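Below is one structure, written out as structure tokens; the observations come after it.
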Amino acid sequence: MAFRPGAGSWWGATRYRPTLMDTRLSGAILCGGRSRRMGRDKVWLNLGGSNLLDHAIERLRTVADPVILAGGSRPIERPHCLSVLDPVPDRGPLGGLVAALRCSPQRLCAVVAVDMPDLSPTLLVSLAEMWQGEDAVVPLSREGPEPLHAVWCGSALAAVEPALRGGDLSLQGLLARIRVRTVDAALLGGVDPGFRFAVNLNTPADVERWRAAPRQDTNRRTHRPLAPAGERSRPRARRDVRGMALGGDPDAEQTLGWAGDER
């Protein structure tokens, strides 16, 4: 049975203040879009042996537990996954983000869009390991920030919920109001050459280009879910990986060019 989050949540009404860098991950797949440009429900789009949703679940569950399916106004059931409904229907990705963060039993949640066939578990783990209490850790591709292939903290609900209630549905606007660590994916040493993690399939032409493109999958190796912080050492981030606090630090680089229109 699907769960529609109410006013309460795992995080409550107050902003979370981290005391321990526990970077275990839940995962959330936003799959409630209308697929207008695709002309069919892309959740079930066949990639050759698997549909987009099952393909995303298979990748995400290698680093995240549980995997949450945010299906918009429809429940989407899959074995060993949690199904949630948007608290406010027809509000785009923000509705799914709120539903997933409210449901997540972990403080960090790896949030991805279902139409990203090359989503990178390795990159998501790297983002989680760089988290130092921000509301979100967001990779940068050639197009700018990629908030729908990012690690979000439950503390972001303090900003996301009012935005959803007020009708300000722009992810670009949201990123400007929360504490964000942006990470240039190109500087992560082979995590995802060519930024393929950021490719999304919105039209039949996108699908054909994706099928025709040569690609080297950097995610075929087995992924180990993150251990609690006390059980491992934190890798040192590269010095030139871009830093944190967009919207909170006047000196932070403001490169937010992604607004999002469909998930």
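The values are calculated or read from the model by the stated rules, or taken from the named source; none is laboratory data. Since we're looking at a predicted model, the values are computed, not measured. Glycine also receives a Cβ, built like all others from the backbone with ideal geometry; neighbour counts cover every protein chain displayed.
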Worksheet item: Restricting attention to the stretch 137-149, which residues are assigned to a loop (DSSP other than H, G, I, E, B) and out of contact with any strand residue (DSSP E or B) (no Cβ under 6 Å at 6 or more places or on another chain)?
Response: ARG142, GLU143
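Mind checking which residues of the stretch 170-213 are in a loop (DSSP other than H, G, I, E, B) and touching a Phe, Trp or Tyr at 6+ places or on another chain (Cβ under 8 Å)?
Step one: list which residues in the stretch 170-213 are in a loop (DSSP other than H, G, I, E, B), which gives 170, 178-179, 188-192, 199-203, 213.
VAL199, LEU201, listed by residue number.
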Fill in: Among the candidates GLU129, GLU134, residue that is more than 13 Å from the chain's Cα centre (by Cα), under 18 Å from VAL183 (Cα atoms) and assigned to a helix (DSSP H, G or I)
GLU129
Item to complete: Please go through the stretch 132-144 and pick out each residue that is within 19 Å of LEU188 (Cα to Cα) and either among the small types (Gly, Ala, Ser) or surrounded by fewer than 24 Cβ atoms within 10 Å (Cβ to Cβ) (or both).
Response: GLN132, ALA136, LEU140, SER141, ARG142, GLU143, GLY144
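Right, THR62: among the polar types (S, T, N, Q) and modelled with pLDDT of 60 or more or not? Lay out the reasoning, then the answer.
Details: among the polar types (S, T, N, Q): yes; modelled with pLDDT of 60 or more: yes.
So THR62 fits the description; yes.
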Item to complete: Could you please let me know if ALA163 is of a type in the set (Gly, Ala, Ser) and surrounded by fewer than 22 Cβ atoms within 10 Å (Cβ to Cβ)?
Response: yes
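Going through ARG107, ARG209 one at a time, which residue ends up being out of contact with any Pro (no Cβ under 9 Å at 6 or more places or on another chain) and either within 21 Å of MET38 (Cβ to Cβ) or crowded, with 20+ Cβ neighbours inside 10 Å (or both)?
Step by step, each of ARG107, ARG209 is checked, and only ARG209 is out of contact with any Pro (no Cβ under 9 Å at 6 or more places or on another chain) and either within 21 Å of MET38 (Cβ to Cβ) or crowded, with 20+ Cβ neighbours inside 10 Å (or both).
Within the stretch 150-169, how many residues turn out to be among the charged types (D, E, K, R), without any contact (Cβ under 8 Å) to a residue 12 or more places away in the chain and assigned to a helix (DSSP H, G or I)? Break it down stepwise before answering.
Filtering the stretch 150-169 down to residues among the charged types (D, E, K, R) leaves 161, 165, 168.
When the remaining residues are screened for being without any contact (Cβ under 8 Å) to a residue 12 or more places away in the chain, the result is 168.
Within this subset, residues satisfying the condition of being assigned to a helix (DSSP H, G or I) are none.
Number of matching residues: 0.
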Worksheet item: Taking the stretch 81-104 as the search range and keeping residues that are farther than 14 Å from VAL160 by Cα and over 15 Å from the mean Cα position of the chain (by Cα), which one is surrounded by the most Cβ atoms within 10 Å (Cβ to Cβ)?
Response: VAL84
Worksheet item: Taking interchain pairs and intrachain pairs at least six residues apart, which have beta carbon atoms under 9 angstrom, with the first residue in the stretch 109-122 and at negative phi and the second modelled with pLDDT of 90 or more and among the acidic types (Asp, Glu)?
Response: MET116/GLU146
